[in-house]
Ligand SMILES: Cc1cc2nc3c(=O)[nH]c(=O)nc-3n(C[C@H](O)[C@H](O)[C@H](O)COP(=O)(O)OP(=O)(O)OC[C@H]3O[C@@H](n4cnc5c(N)ncnc54)[C@H](O)[C@@H]3O)c2cc1C
């Protein structure tokens, strides 16, 4: 019999998953608390643009929608580091200049995946429906609309409702022993704008991810197709110099003049943006299990929200959709086994990504500013060129391959161990030679 799914949340992963399930011929009702993004609704209240890379693109390719989506994207070929004296250093992402990540607007990506789902007549999308509770045992979702409450009953409910998932909260309430952990960074983020130049062109290098690393905090900027850049300031919430202590126009201006002198002349709306745009928080969420019998499953941020510093949260959520679809392929008549296989393939990797993402915050805000970082990147690229397919830098494995995150992290540790031991060995030999030459 045709399986019937109730999906909660038509964000990035919800739209894509609905398309995967629709293609499989399943009956899908997708409920989203917000209005239709095609009616000008701003999606999710999160970043305006994001970086899509190999894992995300692969998941889009399976549905034949990667090309149409990527035509709106801007390639970013490396990091452009802005130091305090306004000097620029470009560090390519990979030894292969064709490897790049892609800046894409969240709204256009969201719209594209929802449209892809709606190409299947067996997928129905219901906007302005907020899920307030799920009865796990009966796979019934309770929804609130402008016109009152209603229930949605299918064979299973899938929670694709993001980091603050109502579906996950229902699991917490109804599954004894459900493990849940959330941890917030001491940093928040605020989005700011660099508008296009008068002629509509980009005011900085277009094909780069710009970083202003300032040790304990940083600003980044990603290009948009309209010639603008969306900047994101990641800064401590509290402390002597922080969001909490920088309120007046004068304080904001002084902070930016001191820290980002080359960006300030490009940001005419800085003070208004700073005041008007909300300060977001950065959360890591780990939980388990991600499913309940054959009745309920979590996908994307609902299962594993990570901080954004590896640019992988959405890519990982898209990879979830692909893996869940493969699990349905492997167990077409046993939904519980399909959920179990999906969970066992993804959990370790989501945990590894959470750690990698926090680690990359330190790398981006602090280490990218140092010469040692640039030398290490060059050494990485040299080793990758010398030992193709054998030595792969961690960033390359995470961003440009589909090697599972946990495996990539283990392999990087091993490679680092070998490289550092080799360098230490060479240092000892060089010292011994010098000692012999001197004496
Ligand atoms: C500042 C920032 C920058 C980022 N940059 C990147 C990046 O460059 N690359 C990358 O890969 N990832 C990035 N991410 C992570 C990425 O945004 C998330 O991983 C991704 O959005 C997860 O998709 P999702 O569909 O699981 O959740 P969401 O996109 O959050 O979608 C959840 C959907 O569920 C809906 N919903 C929520 N509750 C309910 C309810 N009760 N009832 C009905 N609907 C509901 C919401 O309205 C929303 O539409 C970034 C995140 C942040 C915060």
Practice item. Please state which one of 261, 265 is away from the ligand (no atom under 16 Å from the Cβ), more than 30 Å from residue 158 (Cβ to Cβ), more than 28 Å from the chain's Cα centre (by Cα) and surrounded by 14 or more Cβ atoms within 10 Å (Cβ to Cβ). Key: 261
**Study point:** Residue selected from segment 1-10 under the condition more than 17 Å from residue 163 (Cα to Cα) and in contact (Cβ under 8 Å) with a residue 12 or more places away in the chain, by the criterion nearest to the ligand (Cβ to nearest atom)
**Key:** 6
Exercise for review: Restricting attention to segment 72-98, report how many residues are surrounded by fewer than 18 Cβ atoms within 10 Å (Cβ to Cβ), at pLDDT 95 or above and over 30 Å from residue 254 (Cβ atoms).
Suggested key: 1
Review point. Taking the stated definitions as given, is residue 26 modelled with pLDDT of 95 or more, surrounded by 17 or more Cβ atoms within 10 Å (Cβ to Cβ) and out of contact with any helix residue (DSSP H, G or I) (no Cβ under 7 Å at 6 or more places or on another chain)?
Key: yes
Revision key, fill the gap. The residue that is surrounded by the fewest Cβ atoms within 10 Å (Cβ to Cβ), considering only those in segment 314-338 that are in contact with a helix residue (DSSP H, G or I) (Cβ under 7 Å, 6 or more places away or on another chain) and without any contact (Cβ under 8 Å) to a residue 60 or more places away in the chain, is 330
Check your understanding: What is the number of the single condition among (1) within 10 Å of the ligand (Cβ to nearest atom); (2) more than 24 Å from residue 320 (Cα to Cα); (3) assigned to a loop (DSSP other than H, G, I, E, B) that residue 138 does not meet?
Key -> (1)
Practice item. Answer yes or no: is there a residue in segment 122-129 that is within 14 Å of the ligand (Cβ to nearest atom), in a loop (DSSP other than H, G, I, E, B) and touching a helix residue (DSSP H, G or I) at 6+ places or on another chain (Cβ under 6 Å). Key: no
Check your understanding: Taking residue 202, is it buried (at least 16 other Cβ atoms within 10 Å of the Cβ) and either modelled with pLDDT under 95 or out of contact with any helix residue (DSSP H, G or I) (no Cβ under 8 Å at 6 or more places or on another chain) (or both)?
Key -> yes
Check your understanding: Does segment 163-170 contain at least one residue that is in a strand (DSSP E or B), within 29 Å of the chain's Cα centre (by Cα) and in contact (Cβ under 8 Å) with a residue 12 or more places away in the chain?
Key -> no
Study note, to complete from the structure: Counting only helices (runs of 4 or more DSSP H) entirely within segment 359-439, those with at least 1 residues that are surrounded by fewer than 16 Cβ atoms within 10 Å (Cβ to Cβ) are 371-386, 405-438
Check your understanding: Can residue 148 be described as at positive phi and more than 16 Å from the ligand (Cβ to nearest atom)?
Key -> no
Review point. Restricting the search to segment 286-322, which residues are more than 11 Å from the ligand (Cβ to nearest atom) and either within 17 Å of the chain's Cα centre (by Cα) or within 20 Å of residue 359 (Cβ to Cβ) (or both)?
Key: 286, 322
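The values are calculated or read from the model by the stated rules, or taken from the named source; none is laboratory data. Everything numeric here is computed off the predicted structure, so don't read it as measured data. Note that each Cβ is placed from the backbone with ideal geometry, even for glycine, and that neighbours are counted across all protein chains shown.
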